Amino acid sequence: MSPKRAPGDVDFNEEIGAHMATSRIEPAQQAAQVDRDAGRRGWLRELETAIEIDASAERVWAVVTDFVAYPIWNPFMRKISGELVVGTRLRVRLQSPGGRAMTFSPRVLAATPQRELRWVGNLILPGLFDGEHVLAIEPLTNGRVRFMQSERFRGVLVAPLGKLIDRTQNGFEAMNLALKERVERAVA
């Protein structure tokens with residue numbers, strides 16, 4: 001038996017499921033529609049930061065993946081453990097500026113040397129508060145790179161946890177600056 005709903009209430013999963021079942025569009029287009037619907041409901045938010053670093057992609061990747069050294073230099077991701085193998089889980093401890101430390105176990109989605117580290121994690125159950133985190137390295141000219149850090153938050157708790165997401169943005173920026181300083185100091 002379905003739970004009673006007030007007039008006008010919509011079950012998000014039923015609505016999206018019905019749309020996708022009757023749709024003749026490609027899965028990527030369906031995913032984009034789900035994101036648009038989630039965004040309208042306040043269930044989607046994206047963060048993105050970038051910084052240019054005077055070092056090679058190889059050097060930046062070496063520092064980004066040297067998890068043992070994170071407590072020494074990283075003001076946001078205080079500790080990471082685990083193997084960079086697609087499908088495995090990492091153990092990540094974050095502490096945003098002005099926030100409390102929290103530990104979670106995201107699943108590795110991509111680990112492409114000198115290019116990208118991507119993982120996805122969730123709070124308690126998928127769909128409540130999910131985050132897909134990306135650390136990306138884009139080679140530029142003259143031995144420089146652009147380091148980009150982004151996260152796509154999805155789920156019903158995105159709007160209520162807006163202040164946490166704001167602090168996460170600050171954490172990204174602090175980490176980016178610390179990474180730039182560490183890498184460029186080692187190169188000099």
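Just so it is clear, none of the values below were taken in a lab; they were calculated from the coordinates. The structure displayed is predicted, hence computed values, not measured ones. Cβ coordinates were reconstructed from backbone atoms using ideal geometry, including for glycine residues, and neighbour counts include every protein chain displayed.
Among 105, 150, 96, the ranking by other beta carbons within 10 Å of each residue's beta carbon, starting with the fewest, stands as 105, 150, 96.
With the Cα gyration tensor of the stretch 72-139 giving a ≥ b ≥ c as the square roots of its eigenvalues, does the rule (a/c under 1.5 for rounded; else a/b larger than b/c for prolate; else oblate) give rounded, prolate or oblate?
Judged from the Cα gyration tensor, the stretch 72-139 comes out oblate (a/c at least 1.5, b/c at or above a/b).
Straightening the chain between residue 164 and residue 100 buys 22.1 nm, computed as 0.36 nm per residue apart minus the Cα-Cα spacing. The stretch 94-188 has equivalent-ellipsoid semi-axes of 27, 16, 11 Å, by the square roots of 5 times the alpha carbon gyration tensor eigenvalues, sorted largest first.
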